[in-house]
Amino acid sequence: MTEFQNPVGSLGEQSSEGPRSHPGGITGSPAPTAQKKGTKRKLDLKTYETKYDAIMEVERGSLSKKQVAEKFAISASTLSTWLKNADSIKEKVTAGNVEPQRKKNRAAKFPEVEDALLKWFANARTHNVTVSGEMMREKARDFALKLGVPDSEFDCSVGWLERFKARHAIVFKRVCGESNDVATDSVALSDWKSKLATILKDYSASDVFNADETGIFYKLMPDKTLEFKSVSCHGGKQSKERLTVMVAANMSGTEKLPLMVIGKSANPRCFKNVKRLPTDYKSNKKAWMTSEIFTEWARKLDLQMSKQKRKICLVIDNCPAHPHIKSLKATTIVFLPPNTTSVTQPMDQGIIRNLKVFYRKFVVQRKLRAIDTNSDFTLTVLDALRMLHQAWRSVTMKTIANCYRHAGFAVTEPDQVAESNDDDDDDDPDDDLPLASLMNVAPGVSMSDFAAADDDVPTCADLSDDDIIEGIVSARNDNDDESDDEEPAQPPTRPTIYSALDAFDTLRSFFDAHNGGDRANQALADLNSMMVDAHLTKTYTRQTAMTDYVKRTDRAEGPRE
């Protein structure tokens, strides 16, 4: 590769001329603070990685700002500027919008073309397709044409390609062998077991995580199980009634990460008046996991672990939506061998199935309630998110640890698993009663079929050129704000604090009449504290307008003469 040379010479190069004469005739060296004519001050620019590390050091609070500035060899004013732009710097680094080793982040002139080309490149490398510079230039011209960029404006030169590669940290390397030609044979599994043994030696059970996606028909009832099981879900009405859920937990079962749910609509009507969702939520037209969503999720997790000063290992499969992510600070990503996830992925050993069983239970309970009250059965995306959150809370530590063990992950912290035995409610005889009640309306459908009806629903797919262009054009036209046609025509009204307090009194009376026990009393006490806080905040922290003060004063003083 040709090395670039500075055409104007080194900025730090000193002038070869001797001392200049002073206008008054006095000769000698100039004052120390003077700058020689024709020379430029050499700027000591720092990388985005350095800026990010300095900001994180300040946020941890272990060092003062003065100490942080000294540690990174910068002035106090420079650190102050970084902190002022902290949100922007952190977002660029964690979202992968800038290469951490870059010192400047010049914006692309045609960002949509670069976005399309970057997605195409990532998808090609996922399939081990050898990509050359000329191929990328040709593809860039093709995307520019489809996106309506005139040829006269877009110069897809070698220089443009080099700048594109530098902006996105792309380096062409020699391809040696085929790394993806691995089957589920004894050699592949043996190699994985050796690698897994090294992972478990370097990380504790609390710091080994597995994540996987699953599709779920969130409105599915037992009598529709066989119909939905044969649907490929690439379009039609069924595609509007599915969600993709990312499930992640650590090996010991002590930490279940918040669910990531992906739907079709960015702003369903049911989200109106909701300030905080029970799960993380993203959207795209197919309700699939994408490399962008996964990368954002992984970087968010990495930032969280970095703040906790932890080092974790994240084990995932090698689907197209799971790209290689650079510059993670606290997370090491390990990919499972291709075509082995049925036996090597902990989530596939029963964790996701357990989550779905609980979710189906809550859906059926809701259906039975509608039947008993002779009311219409409705289920919105928000309802699904709430029940998925509740179902995930119901999956026990013991279940998660056992599934890791079935996948070949040796339990290294048995005490933690033992502690979960008393809390395990997997054998609760009442768990299946609502399900059994409704299974009578679906003869020939077993509980196993009902829970596994959407196990084979695709959660990601290879991106075609049309998919890439469609996604960019949709973002340009802001079509993601459309609401789902399956949602109710009118969003639910926002309850007042007083209606909520009345509902709480009804809830408390119900448990008093039915002997709720200590567990119910503790939950009600916690809920009561939150509602009292909300009531006080609503009542006494409202900003008082000046006109209200004048009116109160007038009433107190009576009519003026």
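The values are calculated or read from the model by the stated rules, or taken from the named source; none is laboratory data. As the structure is a prediction and not an experimental result, all values here were calculated from the model. Counting neighbours? That spans all protein chains shown, and the Cβs are built from the backbone with ideal geometry, glycine included. We work out accessible area using only protein heavy atoms, side chains counted, and drop any ligands, DNA or RNA first. Shrake-Rupley method; radii C 1.70, N 1.55, O 1.52, S 1.80 Å.
Can you tell me how many residues within region 126-152 are within 26 Å of the chain's Cα centre (by Cα) and without any contact (Cβ under 8 Å) to a residue 60 or more places away in the chain?
Number satisfying all stated conditions: 1.
Which one of Ala166, Ala140 is modelled with pLDDT under 80 and in a helix (DSSP H, G or I)?
Ala166
Filtering region 105-125 down to residues that are modelled with pLDDT under 70 and in a loop (DSSP other than H, G, I, E, B), which residue is most open to solvent (accessible area, probe 1.4 Å)?
My answer is Arg106.
Can you report the number of residues in region 280-300 which are open to solvent by 10 Å² or more (accessible area, probe 1.4 Å) and over 24 Å from Asp466 (Cβ atoms)?
The number of residues fulfilling the criteria is 5.
Which numbered condition in (1) part of a loop (DSSP other than H, G, I, E, B); (2) crowded, with 21+ Cβ neighbours inside 10 Å is the only one that Ile325 fails?
(2)
Mind listing just one residue for me: the one in region 268-295 that is among the polar types (S, T, N, Q) and touching a strand residue (DSSP E or B) at 6+ places or on another chain (Cβ under 8 Å) and, of those, farthest from Leu388 (Cα to Cα)?
Asn284
So which residues in region 496-512 are surrounded by 12 or more Cβ atoms within 10 Å (Cβ to Cβ) and not in a helix (DSSP H, G or I)?
none
Any chance region 108-131 includes a residue that's of a type in the set (Asp, Glu) and out of contact with any helix residue (DSSP H, G or I) (no Cβ under 7 Å at 6 or more places or on another chain)?
No, because not a single residue in region 108-131 is of a type in the set (Asp, Glu) and out of contact with any helix residue (DSSP H, G or I) (no Cβ under 7 Å at 6 or more places or on another chain).
For Ala330, work out the one condition from (1) crowded, with 17+ Cβ neighbours inside 10 Å; (2) closer than 23 Å to Leu118 by Cα it doesn't fulfil.
(2)
Please specify each residue of region 513-528 satisfying the condition of being assigned to a helix (DSSP H, G or I) and polar (S, T, N, Q).
In the first step, residues of region 513-528 are kept if they are assigned to a helix (DSSP H, G or I); the result is 513, 517-528.
Matches in region 513-528: Asn521, Gln522, Asn528.
Which condition from (1) open to solvent by 60 Å² or more (accessible area, probe 1.4 Å); (2) out of contact with any Phe, Trp or Tyr (no Cβ under 8 Å at 6 or more places or on another chain) is the one that Lys311 breaks?
The single condition Lys311 does not satisfy is (2).
Please verify whether Ser186 is open to solvent by 50 Å² or more (accessible area, probe 1.4 Å), modelled with pLDDT under 80 and out of contact with any helix residue (DSSP H, G or I) (no Cβ under 9 Å at 6 or more places or on another chain), treating the condition exactly as stated. Step through it out loud before you land on a result.
Numbers: open to solvent by 50 Å² or more (accessible area, probe 1.4 Å): yes; modelled with pLDDT under 80: yes; out of contact with any helix residue (DSSP H, G or I) (no Cβ under 9 Å at 6 or more places or on another chain): yes.
Taking the combined requirement at face value, the residue satisfies it.
Specify the residue that is nearest to Lys367 (Cα to Cα); the eligible residues are those in region 221-268 that are modelled with pLDDT under 85 and among the aliphatic types (A, V, I, L, M).
Met221
Would you check if there is a residue in region 347-365 being among the small types (Gly, Ala, Ser) and either more than 22 Å from the chain's Cα centre (by Cα) or closer than 21 Å to Ser194 by Cα (or both)?
yes
Answer yes if at least one residue in region 334-353 is in a loop (DSSP other than H, G, I, E, B), aliphatic (A, V, I, L, M) and either open to solvent by 30 Å² or more (accessible area, probe 1.4 Å) or in contact with a helix residue (DSSP H, G or I) (Cβ under 6 Å, 6 or more places away or on another chain) (or both), and no otherwise.
Yes, region 334-353 contains at least one residue that is in a loop (DSSP other than H, G, I, E, B), aliphatic (A, V, I, L, M) and either open to solvent by 30 Å² or more (accessible area, probe 1.4 Å) or in contact with a helix residue (DSSP H, G or I) (Cβ under 6 Å, 6 or more places away or on another chain) (or both).
From the list Leu368, Leu382, pick out the single residue that is over 17 Å from the mean Cα position of the chain (by Cα), within 30 Å of Thr493 (Cα to Cα), surrounded by fewer than 18 Cβ atoms within 10 Å (Cβ to Cβ) and not acidic (Asp, Glu).
Of Leu368, Leu382, the one residue that is over 17 Å from the mean Cα position of the chain (by Cα), within 30 Å of Thr493 (Cα to Cα), surrounded by fewer than 18 Cβ atoms within 10 Å (Cβ to Cβ) and not acidic (Asp, Glu) is Leu368.
Run Arg360 past the list (1) basic (Lys, Arg); (2) part of a loop (DSSP other than H, G, I, E, B); (3) open to solvent by less than 10 Å² (accessible area, probe 1.4 Å) and report the number of the one that doesn't hold.
Going through (1) basic (Lys, Arg); (2) part of a loop (DSSP other than H, G, I, E, B); (3) open to solvent by less than 10 Å² (accessible area, probe 1.4 Å) one by one, Arg360 breaks only (2).
Could you run through region 259-283 and say how many residues are in a loop (DSSP other than H, G, I, E, B) and touching a residue at least 40 places away in the same chain (Cβ under 8 Å)? Explain how you work it out, then say what you get.
Quick first cut of region 259-283, residues in a loop (DSSP other than H, G, I, E, B) only: 259, 264-268, 272-279.
Restricting the remaining residues to those that are touching a residue at least 40 places away in the same chain (Cβ under 8 Å) gives 259, 264-268, 272-274, 277-279.
Number of matching residues: 12.
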